[in-house]
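This is the structure I want to talk about, given as C-alpha cells.
The values are calculated or read from the model by the stated rules, or taken from the named source; none is laboratory data. Everything numeric here is computed off the predicted structure, so don't read it as measured data. Cβ placement follows ideal geometry from the backbone for every residue including glycine, while neighbour counts extend to all protein chains displayed.
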Amino acid sequence: MSISRKCVPFTPFEGQLSKSTIAIVTAGGVHLKDQEAFNIADELGDLTFRILPEDVETSDLMVTHHHYDHSDADEDINVVFPIDVLRDLRDEGFIGGIARKHVGYMGYTMQLKAMYEGTAREIANEIDKGSRADVVVLTGG
Amino acid sequence: MCHRTVVAVQREIEMKGVPTVLITVSPEVSAQMRPPRALYPNGFKIGNSLGKPGLRDLQKKVLRDALTLLTENTRPGEINTREYPEYGEYHEPPRVKKV
C-alpha cells in the first residue's frame, strides 16, 4: 500500500453540522434490488460498488454479502446504511441535508491492492465529483 | 475484512478534502489501518453498526455521536469508544491475530 500507516490523512471540519450535507458509504454489501448483486461466488471478492440515490426508499434496498450475518440489516437496513436516520437528523435540524449520492460496496476481498488502489479511489472520486457531500459517514457493516 | 477496506476508502475521501467519520464494530481491525476519525459503539456486533433493527432512538444517538466527533478535538488514527446501554448486549469484537 502506498499510503504510510504512520501518516493519517486528515481534513479538519470547519463548518457547522446543521448546515452540512452528509453522504453514507457502507462496506456492508448494500445495493438497490434492481442493481446487479455483488458477486459472492467469486472467492476473491467483488471490487465493484453501487451508487445509491438520495431519495432511495429503504424497501428498494437489499444486502448481498456472505461474510457477516446481515439478517438484522435485512429487517432494517438502517443498522448498516442509516439513510432514514440521516433524514430524521435533517428534519430535526441537526444536519443540513442529504447528499445526492451514497455508495454501497462489499468490503470483503482478497484483492487488497486492487481495492486500495482502485476501488477506494474510485469511490472517493464519485463522492468528490457528484455527491456534493460536506461530510461522509462510513460503516464497516 | 470489511472493517479494514472501509478505512482505505475513508482515507481516500479525506485525501480529497472531505472530512469523514467511520462507525466501526471491529475496532482492532479498523485501528490497524488508522482511520482519520472513528466511533466504536462498545459491544455492538458485526452487522449492527448503528444498533438493532427498529431501535431508531439508539440509531440516532450513535449517528449523532459519530457526526459530533467532527466538531471535537479527536486524534487522527485513534478510535473513540462510546457506551450505549440501551443496546442491551455485549459482543466481544474480533481480535487481531498476533503474528
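Would you point out the residue of segment A:28-72, among those that are in contact (Cβ under 8 Å) with a residue 60 or more places away in the chain and of a type in the set (A, V, I, L, M), that is surrounded by the most Cβ atoms within 10 Å (Cβ to Cβ)?
A:30
Answer yes or no: is there a residue in segment B:20-31 that is within 16 Å of residue B:92 (Cα to Cα), at pLDDT 95 or above, among the polar types (S, T, N, Q) and surrounded by fewer than 23 Cβ atoms within 10 Å (Cβ to Cβ).
Within segment B:20-31 (the criterion being within 16 Å of residue B:92 (Cα to Cα), at pLDDT 95 or above, among the polar types (S, T, N, Q) and surrounded by fewer than 23 Cβ atoms within 10 Å (Cβ to Cβ)), the answer is no, since none of the residues qualifies.
If you don't mind, there's one more thing I want to ask. If you scan segment A:17-29, which residues turn out to be within 13 Å of residue A:133 (Cα to Cα) and in a loop (DSSP other than H, G, I, E, B)?
Once the filter is applied, which keeps residues that are within 13 Å of residue A:133 (Cα to Cα) and in a loop (DSSP other than H, G, I, E, B), segment A:17-29 yields only A:20.
A follow-up question, please. Could you list, in sequence order, all residues of segment A:123-141 that are under 19 Å from residue A:32 (Cα atoms) and in a helix (DSSP H, G or I)?
A:123, A:126, A:127, A:130, A:131
Could I ask something else about it? All but one of (1) at the interface with chain A (Cβ under 9 Å from one of its Cβ atoms); (2) part of a strand (DSSP E or B) hold for residue B:40, so report the exception by its number.
In the conditions (1) at the interface with chain A (Cβ under 9 Å from one of its Cβ atoms); (2) part of a strand (DSSP E or B), residue B:40 misses (1) alone.
In the set A:73, A:133, which member is under 22 Å from residue B:26 (Cα atoms) and small (Gly, Ala, Ser)? Working first, answer last.
Details: A:133 fails: under 22 Å from residue B:26 (Cα atoms).
Only one candidate qualifies: A:73.
Next question. Just checking, does segment A:33-42 include any residue being assigned to a loop (DSSP other than H, G, I, E, B) and in contact with a Phe, Trp or Tyr (Cβ under 6 Å, 6 or more places away or on another chain)? Quick ask: steps written out before the conclusion?
Filtering segment A:33-42 for residues assigned to a loop (DSSP other than H, G, I, E, B) gives A:33-42.
Checking which are in contact with a Phe, Trp or Tyr (Cβ under 6 Å, 6 or more places away or on another chain) leaves us with none.
No; the residues of segment A:33-42 include none that is assigned to a loop (DSSP other than H, G, I, E, B) and in contact with a Phe, Trp or Tyr (Cβ under 6 Å, 6 or more places away or on another chain).
Would you confirm whether or not segment A:47-62 contains a residue that is part of a loop (DSSP other than H, G, I, E, B), more than 16 Å from the chain's Cα centre (by Cα) and over 23 Å from residue B:33 (Cα atoms)? It would help to see each step written out before you state the result.
Applying the first criterion (part of a loop (DSSP other than H, G, I, E, B)) to segment A:47-62 yields A:47-48, A:54-57.
In the following step, the residues that additionally are more than 16 Å from the chain's Cα centre (by Cα) were identified as none.
Checking segment A:47-62: not a single residue is part of a loop (DSSP other than H, G, I, E, B), more than 16 Å from the chain's Cα centre (by Cα) and over 23 Å from residue B:33 (Cα atoms).
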